[in-house]
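This report refers to the structure that appears directly beneath it.
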Amino acid sequence: MTRETFLLIAILYYIITMAIVVIVLVFMNKRFKNTLTKEINNLERDKNLIISSSILSELNKVEALVNNQELKKKYKGWQKRFENIRDEEIPKLTDEIIELQNDFNERDYDKLKKGLIEAEININYLKTKADFLLDEIREITLSEEKNRETIIKLKADYRDIRNLYQSKIEDYAIIKNPIELQFENIDKLFASFEEAMEKNEYLEVGRIVKAIDDIIGNLKIVIKETKIIVNIGNVLIPKRIEDINNIYHKMKLDGYNLDYLNIEYNIEEVNKKIQDIFSRLNVLNVVDSVFELKTMLDYFDSLYNDFDKEKLTRTLYEEYKRSILIKVSKLEKINNELYRKIDDIKYSYDLKDDEVSVIAEIKNEFSNIRASYDHVVEMERSKTLAYSRLAKEMELLNNKLSKEEDKLNNALRTLGSLKEDELRARDELDQIKEILLQAKEKVRSYKLPVVPKNYYVELSEATLAINEMVKELDKRPISIKTLNLRVDTARDLVLKVYNTINETIKTAKMAEMAIVYGNRYRVMNRDVDLGISKAESAFYKGNFKNSLENAITAINIIEPGIYERLLEEYK
């Protein structure tokens, strides 16, 4: 391919590409303009639809129906509002749309977009305004048809109410006069409706229909709730009152204090409220009546629970009354006995006043509990409080008594432990002496060539500690803290003596056994003979540990591992 041919092909591709770009841009521009044109046309169409023939047609209908000043005044107002929309608001919208068309022609698209939004908002607002006007006008023009439909439904409801009343007229005897008077009023209102319709008094017709609807709606509620009101107010509540009164007076005779329930006052108030409800029923006012009566019924039902509670708490009170008296008497006896001996206990065990002050505190608390108990019992006898309150008071006293019982038990354990410590110390004294005696017997039973000096030092210390322990036990008063210290010291020192002599004898026995065992090898090896000689010398000087070490070292020359075998033999 020549250079010229290549350039021609490149130019051709460039021209084709540019042509395609231009075509696409033209197409997009055209599509954009078509969209804007369509939006402007839609706004023009929506504007034209605002003033429809419906409003003018409905106004003409109203004009034909005008027969009084009130309707005439409404008609003129609607006509004025219609003319305002047609002659002022619509032309403004027309000008806005023309302005949008000018912006389109001048290609001022930014201004056009803002204008489109504003115009759409204004058209929607004016359309809502026109629709609202049309609805108001149709309330009159369609009132005959609409009111006729409503009246037909109301007449059907009225017949149902009247038939129900007539079929069970004895159930409504209490409201016979006012309800029949309402029937007469409804009949008159139906007649007034027909008369107003004949005269085309549509505003008055609306008021009559509303009045009929209100009365029939109220009658539905009255017919529905009267039986409930009569049943609860004249039957159920009086029976509850009679039953409650019987239980109340019987319990009063049985010694119950029920003043806190205010039953007599509440029954009086309930009767007043029932009278008020029936007074309102006579004028066919049943607002909240059923709710109020059911609330009263719930109140009387709750009284049965209160009565049961009083009976249960009386049983609980009687149990507390017996158990507290028995317990407080028993605990007072124990504490008083302890209180009488407190001086002896203080002297015997060298106790300070603050260490035994709890006994006096407990004594005072028992006295207070006894006084409170007597006060509660007195209130029961005088019927000052209800048993539910008395049982609560007794429960509090029982809890308080339990706490004081725990304190007394702790005090008894503490003081009892002092005597136990003394007795335990005496037992341990015997055991300590026995251990020391065993140690001495061991020394005598195995005739050591020399008794170690530390044995006599430790024996002297142990003997002194035992003597100090004996002195402390013979003292009056005994200081338990000091006594326990003396016991611990004496026990530790005696065990030290025992362990010392035990270990000494054990080492001496093993050293002696090693020397005897090693004698067989003395003639075989000079070093063995020398080691055994050193062992014997140390043994007779009382240095048993050194003797054992020399003997084992010597024997190990001939017989390695001899220590383990000697130890096994010893065991």
Residue count, the stretch 276-307 (criterion: of a type in the set (A, V, I, L, M, F, W, C) and without any contact (Cβ under 8 Å) to a residue 24 or more places away in the chain): 2
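Quick grid of which residues meet (1) over 21 Å from ASN177 (Cα atoms); (2) among the β-branched types (Val, Ile, Thr); (3) in a loop (DSSP other than H, G, I, E, B):
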{"position": "ASN218", "(1), (2), (3)": "no, no, no"}
{"position": "ASN231", "(1), (2), (3)": "no, no, no"}
{"position": "ILE237", "(1), (2), (3)": "yes, yes, no"}
{"position": "TYR256", "(1), (2), (3)": "yes, no, yes"}
{"position": "PHE278", "(1), (2), (3)": "no, no, no"}
{"position": "LEU284", "(1), (2), (3)": "no, no, yes"}
{"position": "PHE291", "(1), (2), (3)": "yes, no, no"}
Residue in the stretch 502-527 that is modelled with the lowest pLDDT, counting only those that are in a loop (DSSP other than H, G, I, E, B) and of a type in the set (A, V, I, L, M): VAL523
All positions within the stretch 237-272 that are surrounded by fewer than 16 Cβ atoms within 10 Å (Cβ to Cβ) and over 29 Å from GLU380 (Cβ atoms): PRO238, LYS239, GLU242, GLU269, ASN271, LYS272
So for the stretch 542-556 (the condition being assigned by TED's automatic domain parsing to the domain that holds THR500, touching a Lys or Arg at 6+ places or on another chain (Cβ under 7 Å), part of a helix (DSSP H, G or I) and not acidic (Asp, Glu)), does at least one residue qualify? yes
Can we say GLU318 is of a type in the set (D, E, K, R), in the same structural domain as ASN231 (by TED's automatic domain parsing) and part of a helix (DSSP H, G or I)? no
Confirm whether ILE247 is touching a Phe, Trp or Tyr at 6+ places or on another chain (Cβ under 7 Å), modelled with pLDDT of 80 or more and not polar (S, T, N, Q). yes
Restricted to the stretch 498-515, and to residues that are among the hydrophobic types (A, V, I, L, M, F, W, C) and touching a Phe, Trp or Tyr at 6+ places or on another chain (Cβ under 8 Å), which residue is farthest from ASN550 (Cα to Cα)? ILE501
The conditions are (1) polar (S, T, N, Q); (2) part of a helix (DSSP H, G or I); (3) modelled with pLDDT under 85, and THR313 fails exactly one of them. Which is it? (3)
Only residues that are within 23 Å of LEU164 (Cβ to Cβ) and not acidic (Asp, Glu): list them for the stretch 224-251, please. LYS224, THR226, LYS227, ILE228, ILE229, VAL230, ASN231, ILE232, GLY233, ASN234, VAL235, LEU236
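The values are calculated or read from the model by the stated rules, or taken from the named source; none is laboratory data. Only a predicted model underlies this, so the values are computations on that prediction, with no experimental measurement involved. Cβ atoms come from the backbone with ideal geometry, glycine included; neighbour counts cover every protein chain shown.
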